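Bear in mind these aren't lab numbers, they're just calculated from the coordinates by the rules spelled out. Quantities reported herein were computed from a predicted structural model and do not represent experimental measurements. Here the Cβ positions follow ideal geometry from the backbone for every residue, glycine too, while neighbour counts run over all protein chains shown.
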Amino acid sequence: MLNEIQTDAERRMQKSVESVTQELGSIRSGKATPQLLDSVKVDAYGQKTPLNQVASISVPDPKSLVVQPWDKSIVGDVVKAIQVAELGFNPMAEGNVIRVPIPPLSEERRLELVKISKKVAEDGKVAVRNVRRDANEKLKKAEKDKDISEDELHKGTDNIQKLTDKFIQAIDVLTAAKEQELMSV
């Protein structure tokens, strides 16, 4: 019982860290990466579809992206979707290919992105703490139902706290790296 609760909590905390990693990856840092367009949804085939499901995205150089839709009839839709996404990009269609130059970031925009990355990190920490709360409640219920002893309850809550500290530390490391990346261009 004790191990099940701890394993479940660790798995859920790991998912929170992975989510933070993914969100931080989509925050623009001045360098071109395909993840910059992860939030773009294309209005194609009568529904909103993630860009990476209707096109390939490549990085020919650090200052631009190339988007190549698999269906040539949606080139205009892809251009429109990138513009509407408010990422600060100005895509240019060149036949069947869309070039997306990545403009340099202003100091003001960098600081804004640092704030956004801190908010993403804080949301991730809150998610980890919520998992801790849920796990501790399960432990208390198990102790109340006489499934575990009081000593096991204390041991379990200590282990859950150690997991929480470990995953919050991981989020702090990710955030510090992202801030460093944002400010060093």
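For the range 34-101, the percent of C-alpha pairs falling in each 5 Å distance bin, counted from 0 to the bin holding the largest distance, reads 3, 19, 34, 29, 12, 2, 0.
Ratio of alpha-carbon Rg to the 2.2 N^0.38 Å globular estimate for the chain, to two decimals, please.
The chain yields a ratio of 1.36.
Summary value for the chain: 27 percent relative contact order, contacts being C-alpha pairs under 8 angstrom separated by 6+ residues. 3J(HN,Hα) along the range 94-103: 10, x, 8, 10, 10, 9, 10, x, 9, x Hz, from the Karplus curve 6.51 cos²θ - 1.76 cosθ + 1.60 with θ = phi - 60°, whole Hz, x for Gly and Pro.
The relative contact order of the range 34-101 comes to 29 percent, based on Cα pairs under 8 Å that sit 6 or more residues apart. Indicate the gyration tensor shape class of the range 1-65 (rounded, prolate or oblate), computed on the Cα atoms with a ≥ b ≥ c the square roots of the eigenvalues: a/c under 1.5 is rounded; otherwise a/b larger than b/c is prolate and the rest oblate. Cα axes put the range 1-65 in the oblate bin.
Taking Cβ atoms as reference points and 12 Å as the exclusive limit, the residues near D61 contribute a net charge of +3, counting Lys and Arg as +1 and Asp and Glu as -1. Of L24, L105, the sequence from fewest to most neighbouring Cβ atoms within 10 angstrom is L105, L24. Under 1.5 on a/c is rounded, so check that first for the range 62-106, then, if it is not, pick prolate when a/b is larger than b/c and oblate when it is not; a ≥ b ≥ c are the square roots of the alpha carbon gyration tensor eigenvalues. Taking the square roots of the gyration eigenvalues as a ≥ b ≥ c, the range 62-106 is oblate. Here is how the number arises for the chain: DSSP H runs of 4 or more residues each give -39500 (n - 2.57), the sum is divided by the residue count, and the result at 222 nm is -20500 deg cm²/dmol. Summing +1 for each Lys or Arg and -1 for each Asp or Glu among the other residues whose beta-carbon sits under 14 angstrom from that of L105 gives +2. Counting other Cβ atoms within 10 Å as a rough exposure proxy, the listed residues D165, D151 run D151, D165 from fewest neighbours to most. Residues E143, E152, E86, E18 in ascending order of nearby Cβ atoms (within 10 Å, fewest first): E86, E18, E152, E143.
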